[in-house]
Amino acid sequence: MKVRVEKLTKRYGDVTAVNELTAEFESGKLIALLGPSGCGKTTMLNMLSGILPNSDGKIYFDEEEVSDLPPEKREVGLVFQNYALYPHMTVLENICFPLKIKKVPMEERIERAKKMAKMVHIDEYLDRKPKQLSGGQQQRVAIARALVKNPKLLLLDEPLCNLDAKLRVEMREEIRRIQRESGVTTFFVTHDQEEASSISDYIMLMKLGVMQQYDHARTLYDEPANLFVADFIGSPTINQLHGVWKDNGVVVDGTDSVCKLNKEVEIKEGTRVVFASRPEAIVIAKDGQLKGTVKESYLSGKDVLVDVIVGEQSMRAYVDADLEVKEHDVIGMNFKDKGVFVFDEETGERYV
Ligand SMILES: Nc1ncnc2c1ncn2[C@@H]1O[C@H](COP(=O)(O)OP(=O)(O)O)[C@@H](O)[C@H]1O
Ligand SMILES: [Mg+2]
């Protein structure tokens, strides 16, 4: 099922938690709602489920407007961060529960619950109580319970944040697999950009209740809409050097050479800008346009990363392992076309 929101807004008194959000979410996809804590992800999810009435705007499931439909009529499956399993019920009873509420006959509900337990790989533990399960297993039960009603929409609010690092990566892949197998349109809330990028078909990145960009993870990385997106996505984070626009390039503060761009750009001479570069977009070269002093060089996995001081600012670059750079070396740097951007210093708006 496709989901569309139109100027969707939620206000709590003076706080606007979600602000005039308009977007269309393709059917059958896994969509990550991403952003820092407090940006409105949970509020957005709860408006989709109907738990939280919206203040303004509209929600459509396919062509039907559901803004005023109560949660039980929206046919959505919800999974919370703390799983919220019923402690006194067994795994099987937990998964069956939503069907019991819907008065599905006993035999059918057991059959459907068992099928779902199998899909989430929890079928060996049907007789256990939640406290006899690990965090990852409890999460599987919560997902099975959400899916057993055949919901049109699956909503997961930071479902992995209580798990340890290794299990989190494992469950991430499991959620991806379960989503593919069930084909249900899924919203997955997280504040972890790496998690969002690895799991989702699309990412919606939010800041203070406002959507910043909605696209494939790769597009957010390669073509960020603004400085906030460029900064939020990617690890190590994007380099940001402040400077002034001059002669179709940037004069970084504390230096006097111009880092020229390869294409003509219309920016007013003298504009304060942020010259941003991905660490892999930098090429070390003797006659490089930008000079800096190496502060530190270290291994990051199989790659060598160097911290470089330019004027009074610092940046990071990947260098070839066979290129020997040491502390205090003065190096030159050139920039590739891809992974290099110029933003307005004040507004964060992207020029290039
Ligand atoms: N019940 C509430 N009453 C007042 N303000 C709230 C309430 N719930 C959330 N907020 C505020 O709305 C904003 C968004 O919250 P939330 O959707 O929980 O963010 P996130 O899930 O991205 O961390 C925050 O500023 C939060 O303090
Ligand atoms: Mg939240």
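Residues considered: ALA165, ALA142. Of these, the only one that is buried (at least 18 other Cβ atoms within 10 Å of the Cβ), more than 15 Å from the chain's Cα centre (by Cα), away from ligand 2 (no atom under 16 Å from the Cβ) and assigned by TED's automatic domain parsing to the domain that holds SER49 is ALA142.
Taking every residue in region 33-46 that is in the same structural domain as PHE187 (by TED's automatic domain parsing) and pairing it with any residue that is more than 9 Å from ligand 2 (Cβ to nearest atom) and of a type in the set (Ser, Thr, Tyr), at least 6 positions away or on another chain, the pairs with Cβ-Cβ distances below 7 Å are LEU34/THR190. Of all residues in region 185-194, at least one satisfies being of a type outside the set (S, T, N, Q), out of contact with any helix residue (DSSP H, G or I) (no Cβ under 8 Å at 6 or more places or on another chain) and at negative phi. Given the condition among the charged types (D, E, K, R), assigned to a strand (DSSP E or B) and surrounded by fewer than 21 Cβ atoms within 10 Å (Cβ to Cβ), answer yes or no: does some residue in region 247-258 qualify? No; the residues of region 247-258 include none that is among the charged types (D, E, K, R), assigned to a strand (DSSP E or B) and surrounded by fewer than 21 Cβ atoms within 10 Å (Cβ to Cβ). Here GLN138, GLN193 are screened, and the one residue that is closer than 30 Å to PRO105 by Cα and modelled with pLDDT of 90 or more is GLN138.
Taking first residues from region 188-205 that are free of Cβ contacts under 8 Å to residues at least 40 places away in the same chain and within 16 Å of ligand 2 (Cβ to nearest atom) and partners that are in a strand (DSSP E or B) and not hydrophobic (A, V, I, L, M, F, W, C), no Cβ contact under 6 Å between residues at least 6 apart in sequence or on separate chains turns up. Only one entry in GLU327, GLU266 is closer than 25 Å to TYR221 by Cα, at pLDDT below 95 and not hydroxyl-bearing (Ser, Thr, Tyr), namely GLU266.
The residue that is farthest from the chain's Cα centre (by Cα), among those in region 86-107 that are loosely packed, with under 12 Cβ neighbours inside 10 Å and not in a helix (DSSP H, G or I), is PRO105.
The values are calculated or read from the model by the stated rules, or taken from the named source; none is laboratory data. None of the values given here were measured: they were computed from a predicted structure. Positions of Cβ are generated from backbone atoms using ideal geometry, with glycine treated the same way; all protein chains shown enter the neighbour counts.
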